[in-house]
Amino acid sequence: MAELKGRVRIATNSCKGCGLCIIACPEEIIVIDESTVNLKGYSPASISSPAQCIGCGNCALMCPDSVITVERFTVKRRAEHV
């Protein structure tokens, strides 16, 4: 059985920190990085727990500036003995 996973990349220098990706993420792994300010003067979104990404792509679909890219892949799980 394979499990869907993903890798999210955010073009932080173009992100305006609107937060729509945060609302769209079912795993709640996207946050606004208030400790950073990008070239446009905004605090960009970042991924708090990359390993938890399920690769759904909701964040990329919601981003009005198309600064989020999601790479999807599958991971084979070991069969668990019952």
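Summary of values
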| read-out | value |
| --- | --- |
| Hits in the range 30-54 (condition: out of contact with any Ser or Thr (no Cβ under 9 Å at 6 or more places or on another chain) and of a type in the set (Gly, Ala, Ser)) | Gly41, Ser48, Ser49, Ala51 |
| Residue in the range 2-14 that is of a type outside the set (Lys, Arg) and touching a Phe, Trp or Tyr at 6+ places or on another chain (Cβ under 6 Å) present | no |
| Subset of the range 32-43 [among the aliphatic types (A, V, I, L, M) and buried (at least 17 other Cβ atoms within 10 Å of the Cβ)] | Ile32 |
| Subset of the range 1-51 (residues that are in a strand (DSSP E or B) and basic (Lys, Arg)) | Lys5, Arg7, Arg9 |
| Within the range 60-78, tally of residues that are outside any loop (DSSP other than H, G, I, E, B), β-branched (Val, Ile, Thr) and modelled with pLDDT of 95 or more | 3 |
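The values are calculated or read from the model by the stated rules, or taken from the named source; none is laboratory data. Not measured: the values here are computed from a predicted model. Ideal geometry is used to build each Cβ from the backbone, glycine not excepted, and the neighbour counts take in all protein chains shown.
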